[in-house]
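Everything on this sheet refers to the single structure shown next.
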């Protein structure tokens, strides 16, 4: 579905990503694991069209991905950014509607709103509230719902568990699985390595902008290097 | 006397509010004070004056022409002076300098081509009065109040309920995420400048009728700027309330104290307000939860 090869991204002189390659199969969950500053967000922002690659290729369904964010969304790739970044000055409902900005099918949008209320019942009670007044967990739900409102075929989730209570984290990961089961492919960037690897079909570990290990989620869970560095398990 | 003063104050306040809303609209999305806005208002007034007096069109058509002309010029202003800065993510200081340059350029363009003459609209439009509860009220004032409030209400409705309106508010909070939601920012900014320009045309027309049409008339936007700051820069309801407060207070001061200290009063008000309430009446600070 998505094929990245030899991707390089620079901030000025600093290499944020070096020679990153990644394959995403349709219907799978791909986990991108790594510490702070490893380049996870950079990778996500680059795919979404907000950062220009310095070199390399991103193919989506065998065609190069456009370089403007709104064109990328139009092709069916949606990024739910790190720290949720809801529009705090808009109501929850307006936030969800912004997710459907490119869609013109009023009926479909209304049906999808209903679908979101079913997926995230808490949002239904908060519709008229400003998004800035939601709790962290509710904000994450709203952010994911906003992303789904565009009906993406590929959903990029950047650190959805960041700053959430453990129970809420379980909730978010459960939702991620549900979304995949409904047919949306997912790329998940996470610091919460254990959970992410446990549910990923494929995974890779980034360190200072490089892919240091890649394989299936299960393989990486058992990889001694990963266990030591990211799962905190000592031998 | 008091009713008369209040009506005049509201009329001026309404025009201030129009300009302040235009200012705030641009500020809310690009985060800089568009100093070229006054020149767009001035050009809008010239367009209206020419359509009415030289082309002999009816008043309503001239007002519409002035609104459309100013909207187009405002749009052009963004494309030529700001869009390249925007694409390079320039700091707002550069936008402001570019805006000042545009203002000076446009003003001198008018000096060089049309001249520095003052043009007045015919008295039949500007001097009609009706008597109401024993007070003599200018018809023009009533029109100014009605039109500015209608225009502002329409804008408010557009921002609250339309797809593009919601996107404008979203972009005023987070432009990057707006792009992730599929918004073409270049097009959205174009919309904002078209809307601001339309308000500029309307206010330019009323300013021209109330006072006169001349190359430096755009500097009255200083007042609109004060109004926007009183209300809280970037807040539209704030801009309206700020405009009304300023218009009414100014008129009261010039009627009951002295018209000489009117501007001194306005700017003193600004200074005091910035000291006491730096974010204005409605300037709110929304915090993002981490």
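Given the options A:147, A:136, A:12, state which has the largest fluctuation in a GNM of chain A using a 10 Å cut-off (strictly under) for Cα springs.
Maximum among the listed residues: A:12.
Please average, across the residues of A:138-147, the number of beta carbons from any other chain that are within 10 Å of each residue's own beta carbon, and give a whole number.
That average works out to 1.
Between segment B:3-23 and segment B:45-114, what is the separation of their alpha carbon centroids in Å?
Each part reduced to its Cα centre gives a spacing of 22 Å.
Specify the angular offset, from 0 to 90 degrees and rounded to the nearest 10, of the alpha carbon long axis of helix A:106-119 from the longest principal axis of the alpha carbons in chain A.
Once rounded, one gets 70 degrees.
Taking the 0 to 90 degree range and rounding to the nearest ten, how far is the long axis of helix A:166-181 tilted relative to the main principal axis of chain A, both from C-alpha atoms?
Its long axis makes an angle of about 90 degrees.
Given the C-alpha centroids of segment B:207-274 and segment B:123-191, what is the distance between them in whole angstrom?
18 Å
So if R0 is 35 Å, what FRET efficiency would residue B:68 and residue A:133 give, r being the distance between their Cβ atoms, rounded to the nearest 0.05?
Numbers: r = 41 Å, r/R0 = 1.16.
Step by step, r from the Cβ atoms, then E = 0.30.
Who wins for biggest fluctuation among A:68, A:191, A:140 in a Gaussian network model of chain A, springs between alpha carbons below 10 Å?
A:68
Suppose each label sits 7 Å from its Cα in the direction of the beta carbon; what would the residue A:207-residue B:219 distance come out to in nanometres?
6.6 nm
Shape of segment B:158-290 from its Cα gyration tensor (a ≥ b ≥ c, root eigenvalues): rounded if a/c is under 1.5, otherwise prolate when a/b > b/c, or oblate?
Because a/c hits 1.5 or more and a/b fails to exceed b/c, segment B:158-290 counts as oblate.
Within 10 Å, count the other beta carbons around each residue, average over each peptide in B:272-282, B:23-33, and list them highest first.
Highest-to-lowest ranking by the protection proxy: B:23-33, B:272-282.
Using only atoms on other chains, find how many Cβ atoms lie within 10 Å of each Cβ of peptide B:169-179 and report the average.
6
Provide a whole-number value for the mean count of partner chain Cβ atoms within 10 Å of the Cβ atoms in peptide A:77-85.
Shielding by partners across A:77-85 averages 3.
Helix B:2-30 sits at what angle to the longest principal axis of chain B, using alpha carbons and giving 0 to 90 degrees rounded to 10?
So the helix axis and the longest Cα principal axis differ by about 20 degrees.
If packing is taken as the average count of other Cβ atoms within 10 Å, what order do B:113-126, A:46-59 fall into, highest mean first?
The densest-packed peptide leads the list: A:46-59, B:113-126.
Bear in mind these aren't lab numbers, they're just calculated from the coordinates by the rules spelled out. These numbers come from a predicted model, not from an experiment. Note that we place each Cβ from the backbone using ideal geometry, even for glycine, and neighbour counts take in every protein chain shown.
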